[in-house]
Amino acid sequence: QNGTVQYNVTNSLGGWNGTFTSSQQAESGNYNVTVNLTAFADGIYNFTILANDSMIGNLNSTQISKLIYIDNTIPQVTSANITSIHERGNYTGNVTLNVSAFDATSNIYKAVFIISNSSGKNVTLEALREPGGVGLSTSINTSLYTEGTSYAIWVSVNDTAGNTNKSS
C-alpha cells in the first residue's frame with residue numbers, strides 16, 4: 001500500500017462533517033470511494049480530497065477542495081400547471097402546450113409532454129423554455145391524431161441535477 005486518500009465533506013454552514021477513507025485498489029492503482037448523496041440535505045458542500053503518500057517514510061500530502069451543490073429535491077409540476085388546453089376540449093390545427101414548473105434548489109432542465117390514447121400509444125414532445133419566462137412550451141399538429149379519440153396529456157419535468165417529476 002502506497003498511501004491513503006481521505007475525502008472530507010463539510011456543508012456551507014459547518015453543521016455537517018463526514019470523512020471517508022479509501023486505500024489503493026490492487027488492480028488499477030486508483031483510489032475510490034462511494035458516497036450516497038441522497039443522505040445529504042440540499043445545499044452547498046465543500047469536498048476536500050487529501051492524498052497522503054507515506055511509502056517508505058515519504059510524507060507528501062496533496063489537498064484539493066471543490067464546492068458542489070447537492071440537490072435531491074424533485075421539481076414541482078402538476079396537471080394544474082398545464083395551460084392552454086382544457087379537459088374534454090376539442091382542438092383543430094396547431095395547439096400550443098404550456099407548462100409552468102418550479103424547482104426550489106436548481107433550474108429546470110427540460111420538460112417532455114407525453115400524449116397517450118386509450119390503446120396505449122404514446123407520443124413524446126420536448127418542450128422548450130419560453131424566452132424570459134418560467135414556462136416551457138411545444139406545439140402539436142392535431143391532424144396527426146385520430147379524430148374522435150380521447151388523449152391523455154401529462155408532462156415530465158427534469159431539473160439540472162437530474163431529478164424528475166411527472167404531472168398526474
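For this structure, a couple of remarks:
- Take the conditions (1) at pLDDT 90 or above; (2) at positive phi; Asn141 misses just one of them, which is (2).
- Residue satisfying all of: in region 109-126; open to solvent by less than 60 Å² (accessible area, probe 1.4 Å) and more than 15 Å from Asn165 (Cα to Cα); modelled with the lowest pLDDT among these: Gly120
- Residue check: Ser143 meets all listed conditions (1) under 21 Å from Asp71 (Cβ atoms); (2) open to solvent by 50 Å² or more (accessible area, probe 1.4 Å) but one, namely (1).
- Exactly one residue out of Ser61, Ser106 is outside any strand (DSSP E or B), closer than 27 Å to Leu13 by Cα, at pLDDT below 85 and touching a strand residue (DSSP E or B) at 6+ places or on another chain (Cβ under 6 Å): that is Ser106.
- Hey, Val9 at pLDDT 80 or above, open to solvent by less than 90 Å² (accessible area, probe 1.4 Å) and β-branched (Val, Ile, Thr) or not: yes
- Given (1) closer than 30 Å to Ile115 by Cα; (2) modelled with pLDDT of 85 or more, index of the condition Ile85 fails: (2)
- Members of region 96-110 found to be closer than 10 Å to Thr138 by Cβ and touching a Ser or Thr at 6+ places or on another chain (Cβ under 7 Å), listed by number: Thr96, Leu97, Asn98
- Pairs where the first residue, in region 70-86, is surrounded by 15 or more Cβ atoms within 10 Å (Cβ to Cβ) and the second is at pLDDT below 75 and not aromatic (Phe, Trp, Tyr), C-beta under 7 Å, 6+ apart: Thr78/Ser168
The values are calculated or read from the model by the stated rules, or taken from the named source; none is laboratory data. Please read these numbers as outputs of a predicted model, since none were measured by experiment. Backbone-built Cβ (ideal geometry, glycine too); neighbour counts: all protein chains shown. Heavy atoms of the whole protein, side chains included, go into the accessibility calculation; ligands, DNA and RNA do not. Shrake-Rupley method; radii C 1.70, N 1.55, O 1.52, S 1.80 Å.
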